[in-house]
Amino acid sequence: MITTKPWELGRRRFIQSTAVVAGSAAFATGNLLTSLPALAQDPPTCPAPPSGGTSFVAGSDKRPITLRKSIGALSDAELSKLHDAYTSLRALPSSDKRTWLMQADMHALFCASCTNSPTDIHGSWNFFPWHRAFLYYFERILGSLVGDLDGFRLPYWDWEHIRTLPLPYASPGSSSNSLWDGIRNSSLAGGGNLPATHGTTSRITTLYGLSDFATFGGDAGSAGSLESDPHGIIHTDVGQPLPPRHDMGSLGYAARDPLFFAHHCNIDKLWSGWNDLASGGTSTDYKNPTDSGFLDTRWSFWDENQQVVSISAADVLDHKNTLRYVYKVSLRIPRLALILECRLVCCRPGPDPGPFLEVSEQVREAVMRSFRQESPVVLILHGVEVPPMLSGAFDVVAVSGEQRIVVGSLGLLEHEEKAEHGKAHRTTLALDVTKAVEGLFAKEKPATLHVFSSAYGGREKTEPSVEGKRALRKDAFELRAERAEIRLEKR
Ligand code: C2O
């Protein structure tokens, strides 16, 4: 009797007896601490990228405007439709342009995980619109597979409130469940919680305090602060903790996990909610970039009829009217309107050498005042270069003497195959440093800032080796910023 599900055929897994090749990336940075057997998977098939096609016309989608809901809010009927949609997707013959693997490989193609990747849509302002367009066509495919193009909408994984893997995606933990993926972090898969500081309401409040798109969502050459945290950090939490970090922790494989789409739906909702904070008028606060380099960028996808369609960033901005879905978002009050300059200076000598903040007396006073009033102090670092070949979860830590205060997280996805390995990427970091104000802004011997691997941060059962422990205290890279600023509430 054949019990193998059709989707398993294209996905042979085998155990390798030594750490896989990609592990060398981690050796270089000291975050692979043991040589564990790793799972390997078939590489992305890297199909020829779709190109050209009919252009999407805003206004042509006339389906009813429908709510995208939290997974936790789906009715039994909606859940079973979701299961059915993935079951049908996984059962499509490999000649079809809509297959489950094709969808995953589309993501691999667009994250430079293939030698024929047209572009990498991560690490810049393309991040939000490309993923929105990807989800739109994916949603249409699933909807049409269950005969409900009009009414089917993707659910989101509201990790702010659902702190474990969402149940329908985790249980039953077998291939009888079309939402399940066997290649995940075992502690989460076993019912564990996300690390307490990841994907929290407080993180989202910090991000919603940032009113300019570049800091929130990136610019032409740099990732916005949301991309590494919470986007990247939730990816790395769900994927296996060691390289190659399949599935979710690796760009080339992430979309093989159905959770990818629920995670990205939540990311899309955050973008939408951020836009909702805009008020009318000429202020650019909470508005998307108006540069043609942003608006006119187009990408091609396969739609539910296996036809190539092309869609631009401009086409996806008004998701309610053009893509026919909405979210119910609770508005948070924007808060960080006062922007003060500072510098991240390298490096203070002493027992914990490292970059520290240099501020004027005036700025120090403003920061301390804000701190005494118990309002948040957020440090923005623009143009931070992240070295190539670095992947996994990292903490940004303020160190003074024995005291270590984690002020932020950084989730970096593994790049494979073509992997623009030679290339560092640039990001903006938004760090809520309120808890570390006294150290960071001390007149004498201010605290220094470090990026440490957060592997074994209490969640993994394996004890690091002695070298491992030493590696954990070693900076993953030296934090430098082209520009630094403090953002405070305006009083
Ligand atoms: Cu295209 Cu969440 O990565």
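The values are calculated or read from the model by the stated rules, or taken from the named source; none is laboratory data. The structure presented is a predicted model; accordingly, all values stated were derived computationally and were not measured. Virtual Cβ from ideal backbone geometry, glycine too; neighbours counted across all protein chains shown. For accessibility, only protein heavy atoms count, side chains too; no ligands or nucleic acids. Shrake-Rupley method; radii C 1.70, N 1.55, O 1.52, S 1.80 Å.
The helices (runs of 4 or more DSSP H) found entirely in the stretch 201-240 that carry 2 or more residues being open to solvent by less than 10 Å² (accessible area, probe 1.4 Å) and within 11 Å of the ligand (Cβ to nearest atom) are 233-238. Listed by first and then second residue, the pairs linking a residue in the stretch 403-423 that is modelled with pLDDT of 95 or more to a residue that is among the basic types (K, R) and open to solvent by less than 70 Å² (accessible area, probe 1.4 Å), with Cβ atoms under 8 Å apart and 6 or more places separating them unless they lie on different chains, form an empty list. Restricting attention to the stretch 51-69, the residues that are open to solvent by less than 60 Å² (accessible area, probe 1.4 Å), under 15 Å from T297 (Cα atoms) and under 27 Å from the mean Cα position of the chain (by Cα) add up to 1. If you take the residues of the stretch 361-420 that are within 16 Å of G232 (Cβ to Cβ) and of a type in the set (S, T, Y), which of them is surrounded by the most Cβ atoms within 10 Å (Cβ to Cβ)? Only one residue tops the list, namely S391.
Which of the residues that make up the stretch 169-200 are in a helix (DSSP H, G or I) and open to solvent by less than 40 Å² (accessible area, probe 1.4 Å)? Lay out the reasoning, then the answer.
Step one: of the stretch 169-200, the residues in a helix (DSSP H, G or I) are 169-170, 186-189.
Y169, A170, S187, L188, listed by residue number.
For the subset of the stretch 268-284 comprising residues that are touching a Lys or Arg at 6+ places or on another chain (Cβ under 9 Å) and not aromatic (F, W, Y), which member is nearest to the ligand (Cβ to nearest atom)? Among those that are touching a Lys or Arg at 6+ places or on another chain (Cβ under 9 Å) and not aromatic (F, W, Y), it is D268. Hey, among the residues in the stretch 326-335 that are out of contact with any helix residue (DSSP H, G or I) (no Cβ under 6 Å at 6 or more places or on another chain) and surrounded by 12 or more Cβ atoms within 10 Å (Cβ to Cβ), which one's nearest to Q373 (Cα to Cα)? That would be R335. The residues on offer are A91, A108, and the sole one that is in contact (Cβ under 8 Å) with a residue 24 or more places away in the chain, open to solvent by less than 10 Å² (accessible area, probe 1.4 Å) and over 26 Å from K320 (Cα atoms) is A108. Which pairs turn up if I take residues in the stretch 116-129 that are aromatic (F, W, Y) and open to solvent by 20 Å² or more (accessible area, probe 1.4 Å) and look for partners that are within 12 Å of the ligand (Cβ to nearest atom) and outside any loop (DSSP other than H, G, I, E, B) with beta carbon separation below 6 Å, at least 6 apart in sequence or on another chain? Cβ pairs passing all conditions: none.
Select the helices (runs of 4 or more DSSP H) contained entirely in the stretch 246-330, then report the ones holding at least 2 residues which are under 21 Å from the mean Cα position of the chain (by Cα).
259-275, 313-316
Figure legend. Inter-residue proximity from the stretch 215-236: first residues under 21 Å from E160 (Cβ atoms) and β-branched (V, I, T), second residues more than 11 Å from the ligand (Cβ to nearest atom) and part of a helix (DSSP H, G or I), beta-carbon distance below 8 Å, spacing 6+ or different chains. Indicated pairs: T215/S225.
If you go through the stretch 84-99 one residue at a time, do you hit one that is more than 16 Å from the ligand (Cβ to nearest atom), among the aliphatic types (A, V, I, L, M), under 27 Å from the mean Cα position of the chain (by Cα) and at pLDDT 90 or above? Scanning the stretch 84-99, I find at least one residue that is more than 16 Å from the ligand (Cβ to nearest atom), among the aliphatic types (A, V, I, L, M), under 27 Å from the mean Cα position of the chain (by Cα) and at pLDDT 90 or above, so the answer is yes. Take the residues in the stretch 138-151 that are of a type outside the set (S, T, N, Q) and open to solvent by 10 Å² or more (accessible area, probe 1.4 Å), then tell me which one is nearest to the chain's Cα centre (by Cα). Among them, the one singled out is R140.
Residues that are of a type outside the set (A, V, I, L, M, F, W, C) and either closer than 20 Å to L336 by Cα or in contact (Cβ under 8 Å) with a residue 40 or more places away in the chain (or both) within the stretch 359-379 comprise S360, Q362, R364, E365, R369, S370, R372, Q373, E374, S375, P376, listed in sequence order.
Considering only the stretch 365-414, how many residues are outside any strand (DSSP E or B) and aromatic (F, W, Y)?
Result for the stretch 365-414: 1.
Residues being of a type in the set (V, I, T), part of a helix (DSSP H, G or I) and on the phi < 0 side of the Ramachandran plot are represented in the stretch 140-152 by at least one member.
Sort through G10, G30, G72 and tell me the only one that's surrounded by 14 or more Cβ atoms within 10 Å (Cβ to Cβ), modelled with pLDDT under 90, within 24 Å of the chain's Cα centre (by Cα) and small (G, A, S).
G30
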